[in-house]
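I have placed the structure first, in the form of structure tokens, so that the comments after it can refer back to it.
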Amino acid sequence: MLEADVAIIGGGPGGYVCGIRSAQLGLRTVVIEADRLGGECLNYGCIPSKSLITVSKLVDKIKEAEKFGLRASGVSVDFIQLQKWKSEVVSKLVSGVEGLLRGYHTTVVSGVAEVVSKDRLVVATSQGNEEVLFKNLVIATGTRTSALPGLEFDGDLVISSKEGLELKGAPSRLVIVGGGAIGLEFASMFQKLGSQVTVVEIMDQLLPGSDPEVVRVVQRKLEARGAKVHLKSKVARIAKKSSEAEVEVETPEGRVVITADKVLVSVGRKPRTEKLNLAAIGVQTDPRGYVITNERMQTNVSGVYAIGDVRGPPLLAHKASKEGIVAAECIAGLPSAADWKVVPEAVFCDPEVASVGLTEAKAVEAGYKVKRSRFQFAALGRALSAGEPEGFVKVVSSEESGLVLGVQIVGPEASNLISEAALAIEMGATVDDIALTVHPHPTLPEAIMEASESAAGHPIHQLRT
Amino acid sequence: MDFKLPDLGEGITEGEVLKWMVKEGDQIKEDQPIVEVMTDKVNVQIPSPRSGRVSKVLVKEGDVAKVGQTILVIDDGAAGAPTATMATPPKQIPAQAAVQVQPAPPTAAQSVLATPATRKLARELGVDITRVRGSGPQGRVTDDDIRKSDLKAAPQEATVQEPHLTSGGPKEELVPLRGLRRTISDRMVKSLRTTAQVTHVDEADMTELVLLREAFRGSAEKRGVRLTYLPFIIKALVPALKEFPYVNSSLDEHAGNIALKKYYNIGIATDTAQGLVVPVVKDVDRKDIFELAGEITNLSEKARTGQLGLDDVRGSTFTITNVGAIGGLFATPIINLPEAAILGLHKIAKRPVVRDGKIEVRDTTYLSLSFDHRVMDGAYAARFTSRLIETIQDTKKLLAEVL
């Protein structure tokens, strides 16, 4: 039997970070992981997908190479080697997490945990049951892929993102059901690797909730390269054959049948709580099953905390990690709280999309007198010289105070650019603050400065509107 | 219509809802008092601006509401309602949904203009950042604002049902810190924490003043007023305050200046069953002792019966606290912010005094002046007190002042 000040169920980006911070604060910490440390993000999500996306972009660049005066011939993708490299990246990071947890003297238990009482849980390990007596419990079990009724995963024709990252080749005809972040990343990636892609989205735009102007850039690029996007559409039926499937899609223009070698379903995720037996201690969940907590990550049960995806959307690794730190610090008696103003998001489609704070529509809805300003990458030296002139930076600010309310970026390195905007919002910066900050030339962040200058009324590299 | 906590004037930004005089579903008339609110100065009853039905009470008794915050919704069946009702539902629905899903909504600290490090500092110092008035541009809350604030955050275990450490039990009675007690508690701590207080004590020979009061007593009674020593002391203060203007001043640290006040409004610390209140006698330099005596009687009566209005407690420039009737030698009073000094009056007693080399029995008292050393120095305060005593002890001088 193990005794712990903190028992953390789940070793993903929420749980393992919570484990490290707890141990740093002198708490006896046990981290329980049912699968692999690093969780969904490291093993089946963010990291492996970014490895594949990087290669797909490289292939794409090389295909355009002649434009840049570069002669390359006979370029092909060796999927076996690609998958091997991707697995090495993942393994390296997973062993890094293991090393950190070990180095901080946490105890890692492999197995599925079940809560027995307010101070006890049992882990079913390969060597039998291990009991853990805890003073505090952190639920960090995350979410799992939701299946669509009638489109259940079969691991072969109908697959989830997890199998999508293990493919041994690009399917020649790929139907993606769900045009959210995951769907679009796969769409852009497999399109570059040679797939004919169809995206089926039930809402009236891709990346629902995002700025429509931003989404238009992504959709235009997908379609320009031959993808088909069906909005306000859903899969009515699927007829599986030996190595392909006929997917019948209900679109506003009527039914269309698409033949696909793979159908990748990415229609959202649901909390992973069913094996935990949370009912035993009366932890409150919302109607969708997400655990309810306050800003200190405390559930309704004293000493029981929840962090990350299992608390509900937005489902983001970086948010889970920060919440893990908050939970650990609260348990250690520190006055920590999740009081950040914003959580940035990035989608690694093509071009990349990143957003932080309020969109124009949300800012208007919130009652702000909104000032919107944009700067096109097509007017930026570094974007042009990188051969990536698509997209723009959009700054949403308060007309009255000049405070930056939100920033949306679609374009090269959007994911890397958004942190400046996040810091600006957290610091309560105004568009003047960004405009007056010297940005190095020639770099992509200049676009954020230019858009801010425009908001402040004195754009340099664009005409006043 | 949404009923918002109205502007109560005098820089009052919030008030504690003491008592609802109506409940949801009640029919109310225009001007009917609907709620009693305790500001940091006084209790006020706020009347309804409309007739109608109370559809929702949004603030609980004991909670603090900000000026401008909606505290009550009145269904007044007004014709202008359609646009209002169309505008409100989209806001209300998500709010209700959020309450169901998330019993503890995201911390309000997120809406405050402050850097993450400042927000963290507020948490560490236990300051409720949402109530701090920021001194920076656009109300930005700075580290300094947090350090100087005394707006304590509520205990953070809000949603967790843990037993309190002090559980009461048979040997303790738990009295909630509410209303006037909480206000006094906040203001006293703020005064001690934000000023540099020193107390200077001196003694005054009251023999002549005792005789003087006796002399005036009859004519006071004829005018229907009870004459205590207080009006005499107030009159004796006036020339001293004029001569030593920093005693009658306020330091504004943010603005970086000291306001020397050319008007003389004296706060009279008054003991009541609910606690200490400080009604104000205005423009004492322009009133004679009988007017002062009348006003003091009137104000202390209002204080005892809880009838003081906002105007009665606003605008003092210097405060007197008089514990002489109860006893004691002297005390160290706490300055009534934003003033720069406070005078404590104590028991007048017959004591042996050496005069011209002989021991005599005289009526004497101790005077204690607590002053803000940021505003004036000890020598200055001592000279002020000497000047005051000089007037008190010299009937001729005092007579020139009192009439």
Anything over 19 Å Cα to Cα? Flag those among B:K120/B:K148; B:K262/B:K287; B:K287/B:K350; B:K358/B:K397; A:K84/A:K319; A:K192/A:K228, in the order listed. B:K287/B:K350; B:K358/B:K397; A:K84/A:K319
Which value does Rg/Rh take for the range B:197-402 over its C-alpha atoms, Rh per Kirkwood? 0.96
Sort A:V438, A:V326 so that the residue with the fewest other Cβ atoms within 10 Å of its own Cβ comes first and the one with the most comes last. A:V438, A:V326
Ranking A:S398, A:S321, A:S22, B:S250 by Cβ neighbours within 10 Å, fewest first, what do you get? B:S250, A:S398, A:S321, A:S22
Name the residues whose placed amide hydrogens come within less than 5 Å of the amide hydrogen of A:R144, ignoring near sequence neighbours (fewer than 5 apart) on the same chain. A:K270, A:R272
Could you work out the relative contact order of the range A:371-434? I mean the mean sequence separation of Cα pairs under 8 Å and 6+ apart, divided by the number of residues, in percent. 27
May I ask you to derive the FRET efficiency for A:A378 and B:K56 from their Cβ-Cβ distance with R0 = 56 Å, giving the value to the nearest 0.05? 0.60
Tell me which of B:A114, A:T141, B:F216 sits at the most positive position along the dipole axis of the protein assembly as shown, charges placed on C-beta atoms (Lys, Arg +1; Asp, Glu -1). B:F216
Sort out for me the Cα centre separation of the range B:251-317 from the range A:341-362, rounded to whole Å. 57
Within 10 Å of each residue's Cβ, count the other Cβ atoms and sort A:L463, B:L369 from fewest upward. A:L463, B:L369
Positive dipole terminus of the range A:350-465, leading residue within A:P459, A:A447, A:L405 (C-beta point charges): A:P459
Give me the inter-chain shielding for A:295-303: mean count of other chain Cβ atoms within 10 Å, whole number please. 5
Gap separating the Cα centres of the range B:339-365 and the range A:138-195, nearest whole Å: 92
State the answer as a single residue: which of A:A327, B:F318, A:A366 lies farthest towards the positive end of the charge dipole of the protein assembly as shown, with beta carbon charges of +1 for Lys and Arg and -1 for Asp and Glu, about the Cα centre. B:F318
Is there a quick way to get the dipole size of the range A:391-465? I mean about its Cα centre, with the Cβ of Lys and Arg at +1 and of Asp and Glu at -1; what is the value in debye to the nearest 20? 180
Mind jotting down the distance between the C-alpha centroids of the range A:1-29 and the range A:407-427, whole Å? 31
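Values quoted throughout were computed directly from the atomic coordinates according to the rules given, and no laboratory measurement underlies them. No experiment lies behind these values; they were computed from the predicted model shown. Virtual Cβ from ideal backbone geometry, glycine too; neighbours counted across all protein chains shown.
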